[in-house]
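Here the structure is laid out as structure tokens; the discussion comes afterwards.
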Amino acid sequence: MSPPDLERWRLVLGTPAEPDLGAPGGAAAERDAALDWLYGRDPELGERGVRRGAGGDAARSDDRTGGDGPSRLTTVDWLDAVHRLFPKETIERLERDAVERYEIHEVVTDPAVLARIEPDATLLRAVLRTKHLMNPEVLALARRIVETVVRQLMDKLATEVRSSFQGTRTRRPSRIKNSRNFDFRATIRANLAHYRPDEKRLYIENPRFVSRTRRHVEQWQFVLLVDQSGSMLGSVVHSAVTAACLWGLPGLKTHLVAFDTSVVDLTADVTDPAELLMKVQLGGGTDIAKAVGYGAGLVENPRRAIVALITDFYEGGNTERLVLEVRRLVQQGTHVLGLAALDEHANPSYDRGTAQRLADEGAHVGAMTPGELAAFVAERIGR
């Protein structure tokens, strides 16, 4: 095994492998210290006969000697080190583990750390979970993370939403020459006579385009009910961004309502999703029936309304009342959409029994990305 391979294995296995693989040196020693600062606090180390040293360093459980290693890293030092020593993908994983696995709150509550950190979705979730711990100075820095990540999500999702509401392509020819409506196959067929075998080129003299049908969105309501319990944080973020993207579309009246055991109408803040997220209070119990009842009260024209419920379907209130509220909405002609919570790996995680009962009442139950939700809304109101 080559020295670089031995070094990599030493970094993976940690201090207990040092007698066999040797001590790392140079940049490898710095990487080892940065990794040990984070993963040396893992409680499983004790179960494997490894204890943590005073500085978070792992050591053999039978080691009685004093240490002469580097002084303990601070959170700021650690962040500076990982950004200097590791590639981008590894940095993102280390920061995610620091926040989510080991709950190192300094990453999002220390002004010195926040000033250095690169905003991403993991840090956004961490900020929203810990913002109640922040003083005004830290909150101002944390808002930078929220605004940056929300803007990134908006830029990505807005394209999907616009595409959903711009109409569907038909096979009818169009005289409007728009690159978005370019018909590749029809153009090839229409210009085959202009193919030059000697040049292996097809010269296009007659490009073909298709038309689009426009979606009609007059007099529709979209009521988005979002479970804001702690496990639903990702859904709250994407729902806020989705509602902001849908806001202002011609003829579509959008409402955003967050709930746990209480119901909070956030519609007035939809145009500023970053501000909205800073106001959301995560946690608490869940009363889905109460939220659905509130949403039903917002409906003005039942047959031109969509009520979308985003939750894990674990009802802390009255399940029979929830079923009754959904039944009433469906019977009056309202489209009811039940969207299951997704875990961090995009796998559905929800109470299938309650979800099935709502589906039996006529609700559309499933799991959708924000883009798919926008497409569902566009498809329904375009009929």
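The values are calculated or read from the model by the stated rules, or taken from the named source; none is laboratory data. Bear in mind the structure is a predicted one, so any value in this text is a computation, not a measurement. With ideal geometry, Cβ positions are generated from the backbone for all residues, glycine too; neighbour counts draw on all protein chains shown. Ligands, DNA and RNA are stripped out before the accessible areas are found, and what is left, the full protein with its side chains, is counted by its heavy atoms. Shrake-Rupley method; radii C 1.70, N 1.55, O 1.52, S 1.80 Å.
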Quick check on K290: is it modelled with pLDDT of 90 or more and charged (D, E, K, R)? yes
Between a residue in segment 359-383 that is on the phi < 0 side of the Ramachandran plot and part of a helix (DSSP H, G or I) and any residue that is of a type in the set (S, T, Y) and open to solvent by less than 50 Å² (accessible area, probe 1.4 Å), which pairs come within a Cβ distance under 7 Å, given they are 6 or more apart or on different chains? P370/T242; L373/T242; A374/S164; A374/T242; A375/S164; A378/S164
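Every residue, every condition in (1) small (G, A, S); (2) without any contact (Cβ under 8 Å) to a residue 12 or more places away in the chain; (3) under 21 Å from H238 (Cα atoms); (4) in contact with an Asp or Glu (Cβ under 9 Å, 6 or more places away or on another chain), yes or no:
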{"position": "R116", "(1), (2), (3), (4)": "no, no, no, yes"}
{"position": "M134", "(1), (2), (3), (4)": "no, no, no, no"}
{"position": "R143", "(1), (2), (3), (4)": "no, no, yes, yes"}
{"position": "V146", "(1), (2), (3), (4)": "no, no, yes, yes"}
V241 being at pLDDT 65 or above, under 33 Å from the mean Cα position of the chain (by Cα) and either among the β-branched types (V, I, T) or not in a helix (DSSP H, G or I) (or both): yes
Can you pull out the residues in segment 237-252 that are under 21 Å from T130 (Cβ atoms) and open to solvent by 10 Å² or more (accessible area, probe 1.4 Å)? H238
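Applying the selection to segment 288-313, what residues are in contact with a Leu (Cβ under 7 Å, 6 or more places away or on another chain) and free of Cβ contacts under 8 Å to residues at least 40 places away in the same chain? Before the answer, list the steps.
So the first thing to find is which residues in segment 288-313 are in contact with a Leu (Cβ under 7 Å, 6 or more places away or on another chain), and the list is 288-289, 291-292, 295-296, 306-310.
A289, A296, listed by residue number.
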Somewhere in segment 151-159, is a residue among the aliphatic types (A, V, I, L, M) and more than 30 Å from W220 (Cα to Cα)? no
Scan of segment 75-115 for residues that are farther than 25 Å from H132 by Cβ and among the hydroxyl-bearing types (S, T, Y), ordered by number: T90
Out of A193, A268, A186, which single residue is open to solvent by less than 60 Å² (accessible area, probe 1.4 Å) and either under 25 Å from F313 (Cβ atoms) or modelled with pLDDT of 80 or more (or both)? A186
Is it true that some residue in segment 93-104 is open to solvent by 70 Å² or more (accessible area, probe 1.4 Å) and in contact (Cβ under 8 Å) with a residue 40 or more places away in the chain? no
Given the conditions (1) crowded, with 16+ Cβ neighbours inside 10 Å; (2) modelled with pLDDT of 75 or more; (3) part of a loop (DSSP other than H, G, I, E, B), report the number of the one that I204 does not fulfil. (1)
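Every residue, every condition in (1) out of contact with any Phe, Trp or Tyr (no Cβ under 9 Å at 6 or more places or on another chain); (2) within 16 Å of L224 (Cα to Cα); (3) outside any helix (DSSP H, G or I); (4) open to solvent by 10 Å² or more (accessible area, probe 1.4 Å), yes or no:
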| site | (1), (2), (3), (4) |
| --- | --- |
| T254 | no, yes, yes, no |
| G285 | yes, no, yes, yes |
| A291 | no, yes, no, no |
| G297 | yes, yes, no, yes |
| F313 | no, yes, yes, no |
| V323 | yes, no, no, no |
| R327 | yes, no, no, yes |
| G333 | yes, no, yes, yes |
| G338 | no, yes, yes, no |
